[in-house]
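Participant: Before I ask anything, let me first share the structure, which is written out below as C-alpha cells.
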Amino acid sequence: MAVFSTLFPEAVVTARTILMTRRYETLFRHPTFFEPDYSIYDGKNVLRPHPIYNVIPDNTKLIISKEEFGNNPSIGSPYLNECNYPLFRDDYDVTLAKPAFLFRHPLAIYRSWLRLGWQRPDVLITAYVSLAHNYQKALSVLPNTHSVIYESLTASRADCYRVLSGLFMYWELDTNHIFEKLDQSLMLRLTFWSDKERVIYEKDPYSLFSTLHEFPAIRFGTRDNLVINDPDARRVMKVCMPLYEMAANDAAR
C-alpha cells in the first residue's frame, strides 16, 4: 500500500480501515448493532464529511484504503456483521470507489487463522464468500473491476511489478519511469484521519506487515497435508477454492 503514496503524490493511503469503524454497543459492551461507515462515499461537501477529508491535501486525486472483513460475527447480527457486510450501498459507490479485490489461497488464510488462534472455519468461509459476492457485485457495475492474487504479488519481483502495473493502469495513474522509482527505498506515508489511528500506528508501525515478511508464501506440501488431515480445511477448500480460481482466472486476462 505504501507504494502508492510514495510514488504518486496525488494519492493518499489510510492507516487503517474506514468502512468497519462504526460500531454500536450496549452499556455492558456487548455488540448489538453493526453498520458500515459509508460516509467516505459522500465526499467532503456534506454536513458531516468523513474525518479523512479534513486531513488530506487539496490536490488529492485518489484515496486508497485497504478494507477487510473481520473474524467476529457477534459484532452485529447474523444478517449484518463485520464478516458479511456489503462494501457498497449502491452502484454509485462502486463507480466512485473503482475497487480492486485481493484474493489469497484459502488454505494459506486458514493456516494464518490457526496460527493466530482463530479456530472458526465457518467464519472464514463467511468472510471469503462475502469478499467474492462483493467482487461479483462490483463486476456487475464495472466489468473491468480488478482482482489481485496475493500469490502473484509475492511470487517474484517480475510478477509483483506486473500486478502493480495493472493496478496503476486500472486507477489511471501516470507510470512514466515508475519502476525506477520503485527500486528506490520506499518511505511509508500513511494518512491518519484521527489521533487514535496515529497512536495505533506509531505504537507498532510495522506490525501490519510482519506476517508478509515472515510468511510470504505457503508450501504446497503443507496445503496438501492440511487438506488430507483436517476436515475443516477440506470444508474451506470446497467452498472457497472455486471463488479463488474465479478471481485468479479474471486476474490472468
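Participant: Please verify whether region 198-207 includes one or more residues that are modelled with pLDDT of 75 or more and either part of a helix (DSSP H, G or I) or more than 18 Å from the chain's Cα centre (by Cα) (or both).
Facilitator: no
Participant: Another question, then. For the structure I just gave you, tell me whether Leu87 is in contact with a helix residue (DSSP H, G or I) (Cβ under 7 Å, 6 or more places away or on another chain) and either of a type outside the set (D, E, K, R) or at pLDDT 90 or above (or both).
Facilitator: yes
Participant: Then there's this: Being at pLDDT 85 or above, farther than 23 Å from Arg120 by Cα and in contact with a helix residue (DSSP H, G or I) (Cβ under 6 Å, 6 or more places away or on another chain) is the requirement here; does Asp42 meet it?
Facilitator: Judged against the criteria, Asp42 is not a match.
Participant: Now, a different point. Name the single residue, out of those in region 131-180 being assigned to a helix (DSSP H, G or I) and of a type in the set (Asp, Glu), that is nearest to Met246 (Cα to Cα).
Facilitator: Filtering first and then ranking leaves Glu151.
Participant: Next question. Across region 40-61, which residue is nearest to Val12 (Cα to Cα) among those that are in contact with a strand residue (DSSP E or B) (Cβ under 8 Å, 6 or more places away or on another chain) and part of a helix (DSSP H, G or I)?
Facilitator: Ile52
Participant: Restricting attention to region 69-126, which residues are within 18 Å of Ile149 (Cα to Cα) and either touching a strand residue (DSSP E or B) at 6+ places or on another chain (Cβ under 9 Å) or among the polar types (S, T, N, Q) (or both)?
Facilitator: Matches in region 69-126: Lys98, Pro99, Ala100, Phe101, Leu102, Phe103, Arg104, His105, Ser112.
The values are calculated or read from the model by the stated rules, or taken from the named source; none is laboratory data. Predicted, not measured: the structure shown is a model, and the values here were computed from it. As a convention, Cβ positions derive from the backbone with ideal geometry for all residues, glycine included, and neighbour counts pool all protein chains shown.
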